[in-house]
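Everything below concerns the one structure shown next.
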Amino acid sequence: MSDRFRNEIDYGSPGALVLLGMGSQSDWDPCMRHAAAMLDELQIPFSARILSAHRTPDRMRQVAIEAGHLGYQVIIAGAGMSAHLAGMISAYSTSLVIGVPVDSGTLNGLDALLSTVNMPGGVPVATTAIGAHGAKNAALLAAAALRIGHPEIGVRYDKWRSGQTDIVSETPVDVRRKGI
Ligand code: RP5
């Protein structure tokens, strides 16, 4: 992952198709940078912003309302603790919202998972696993959605998935050598 995002969470790529929102700068390193890295690898342009449902509710609302007009087709929203970011963005936007429960706070993301996943009918949030794996999968889900209008993204996504399969060894694990 390039360092350009490390201290620059108000990052914007020209023609961004995905908005990567997160509740805090502290969500970046352990979790949300994995979504950014995957989007980068698949060459999907994105913008990244800190949008807190609790600390910056006006900014979050404004961005969510404008998201469709700004060309974002997918919004990935990562937050920890009492995570209301993805749900509140979905309340204001009809774009596809993918929620990532961040593994922060004393409950390590279980609270964020329940807050993100348990949306009332009518306000959809597609929720991933907790933490870095969820963030990575959020980017892959974005690719799967974007391929409909962007076949080149579909080609890169298929190639990435095949590559993942190809590197898994067919050799059975020698359990004695692994010291089990
Ligand atoms: C949430 O509270 C954020 O998404 C973050 O996961 C958590 C802690 O935020 P900081 O106190 O580290 O800024 O809103």
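The values are calculated or read from the model by the stated rules, or taken from the named source; none is laboratory data. Remember, it's a predicted structure, so these values are computed and weren't measured experimentally. Every residue, glycine as well, gets a Cβ built from its backbone with ideal geometry; the counts of neighbours run over all protein chains shown.
Would you pick out the residues in the range 86-105 that are within 11 Å of the ligand (Cβ to nearest atom) and of a type in the set (Val, Ile, Thr)? Of everything in the range 86-105, those that are within 11 Å of the ligand (Cβ to nearest atom) and of a type in the set (Val, Ile, Thr) turn out to be 100, 102. For residue 125, only one of the following conditions fails: (1) closer than 27 Å to residue 57 by Cβ; (2) more than 16 Å from the ligand (Cβ to nearest atom). What is its number? All conditions are met except number (2).
Scanning the range 43-85 for residues that are away from the ligand (no atom under 16 Å from the Cβ) and on the phi > 0 side of the Ramachandran plot, we see that the one that is modelled with the lowest pLDDT is 71.
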